[in-house]
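Novice: This is the structure I want to talk about, given as structure tokens.
The values are calculated or read from the model by the stated rules, or taken from the named source; none is laboratory data. Here the structure is a predicted model, which is why all the values come from computation and not from measurement. Cβ sites come from the backbone with ideal geometry, for glycine too, and all protein chains shown count toward neighbours.
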Amino acid sequence: MTTAVFPGTFDPVTWGHVDIATRARSMFSRVVLAVAHNSTKTPLLDLETRVALARRAVEPLEGVEVVPVEGLLVDFCKGIGAGVIVKGLRGGADYDYERPMALMNRSLTGIETVFITGDNALSHVASSLVRDVARHGGAIGRYVPDGVVDAVSAALAAERG
């Protein structure tokens with residue numbers, strides 16, 4: 001049984017993330033979405049909300065689970081016996097960003113990273129763009145699973161005070 005970890009901040013989870021989780025599950029017997037705290041990002045949604053929304057989004061996918069992660073991803077992977085990290089790619093910029101991390105993770109622990117090309121129909125969907133569209137009053141419903149629109153709207157309202 002091969003366990004793969006699909007890490008991200010998932011702020012918010014999008015249909016692109018669900019697509020990658022689905023594709024990863026077709027290759028690996030167990031996929032763990034690792035909802036991470038990224039020290040270089042300030043998330044709109046708190047960790048508990050991101051985990052709950054991701055769980056709801058992947059609930060129909062057998063063999064896919066969601067857990068919160070703090071600390072080094074490779075330590076988490078070792079702790080659950082994962083042999084693979086999965087990263088979704090929308091294009092060359094994603095590869096350029098992800099490649100150094102993949103090499104560092106392999107250097108630290110020997111864990112390989114598998115890059116999965118996302119569905120071309122979703123290649124423009126990124127959490128940061130979804131947040132930006134929502135901040136400017138645009139509709140995000142077609143880019144995100146159920147529950148995300150309400151959570152993002154509530155977080156933006158709280159942010160505005």
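Novice: If the requirement is being in contact (Cβ under 8 Å) with a residue 60 or more places away in the chain and over 14 Å from residue 6 (Cα atoms), which of these qualifies: 90, 99?
Specialist: Values: 99 fails: in contact (Cβ under 8 Å) with a residue 60 or more places away in the chain.
The match here is 90.
Novice: Show the residue pairs meeting these rules: Cβ distance below 7 Å; 6+ apart or different chains; first residue within the range 130-151 and without any contact (Cβ under 8 Å) to a residue 24 or more places away in the chain; second residue assigned to a loop (DSSP other than H, G, I, E, B) and crowded, with 18+ Cβ neighbours inside 10 Å.
Specialist: Taking only residues 6 or more apart or on different chains, the pairs are 133/140; 134/140; 149/140.
For every residue, the table says whether it meets (1) touching a Ser or Thr at 6+ places or on another chain (Cβ under 7 Å); (2) of a type in the set (S, T, N, Q); (3) buried (at least 22 other Cβ atoms within 10 Å of the Cβ); (4) more than 26 Å from residue 140 (Cα to Cα).
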residue	(1), (2), (3), (4)
15	no, no, no, no
26	no, yes, no, yes
33	no, no, yes, no
56	no, no, no, no
66	no, no, yes, no
76	no, no, no, yes
85	yes, no, yes, yes
93	no, no, no, no
108	no, no, no, yes
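Novice: Let me ask something additional. Among the residues of the range 122-143, write down those that are touching a helix residue (DSSP H, G or I) at 6+ places or on another chain (Cβ under 6 Å) and crowded, with 18+ Cβ neighbours inside 10 Å.
Specialist: Answer for the range 122-143, where residues must be touching a helix residue (DSSP H, G or I) at 6+ places or on another chain (Cβ under 6 Å) and crowded, with 18+ Cβ neighbours inside 10 Å: 122, 125, 130, 134, 140, 143.
Novice: With 114, 67 as the choices, which residue is outside any helix (DSSP H, G or I), under 15 Å from the mean Cα position of the chain (by Cα), under 19 Å from residue 43 (Cα atoms) and aliphatic (A, V, I, L, M)? Working first, answer last.
Specialist: On the way: 114 fails: under 19 Å from residue 43 (Cα atoms).
After ruling out the rest, the residue left standing is 67.
Novice: Here's something else I'd like to know. Yes or no: residue 48 assigned to a strand (DSSP E or B), modelled with pLDDT of 95 or more and of a type in the set (D, E, K, R)?
Specialist: Details: assigned to a strand (DSSP E or B): no; modelled with pLDDT of 95 or more: yes; of a type in the set (D, E, K, R): yes.
Against the criterion (assigned to a strand (DSSP E or B), modelled with pLDDT of 95 or more and of a type in the set (D, E, K, R)), residue 48 does not qualify.
Novice: Just for the range 53-64: of the residues that are outside any strand (DSSP E or B), within 13 Å of the chain's Cα centre (by Cα) and in contact (Cβ under 8 Å) with a residue 24 or more places away in the chain, which one is nearest to residue 8 (Cα to Cα)?
Specialist: For the range 53-64, the residue satisfying everything is 54.
Novice: Take the conditions assigned to a helix (DSSP H, G or I) and either of a type in the set (A, V, I, L, M, F, W, C) or more than 14 Å from the chain's Cα centre (by Cα) (or both) and apply them to residue 82. Does it pass? Give the derivation first.
Specialist: Numbers: assigned to a helix (DSSP H, G or I): no; either of a type in the set (A, V, I, L, M, F, W, C) or more than 14 Å from the chain's Cα centre (by Cα) (or both): yes.
So residue 82 does not fit the description; no.
Novice: Still on this model: Do the conditions hold for residue 31, that is, is it in a strand (DSSP E or B) and in contact (Cβ under 8 Å) with a residue 12 or more places away in the chain?
Specialist: Values: in a strand (DSSP E or B): yes; in contact (Cβ under 8 Å) with a residue 12 or more places away in the chain: yes.
Yes.
Novice: For the range 112-121, state whether one or more residues are charged (D, E, K, R), surrounded by fewer than 14 Cβ atoms within 10 Å (Cβ to Cβ) and in contact (Cβ under 8 Å) with a residue 24 or more places away in the chain.
Specialist: yes
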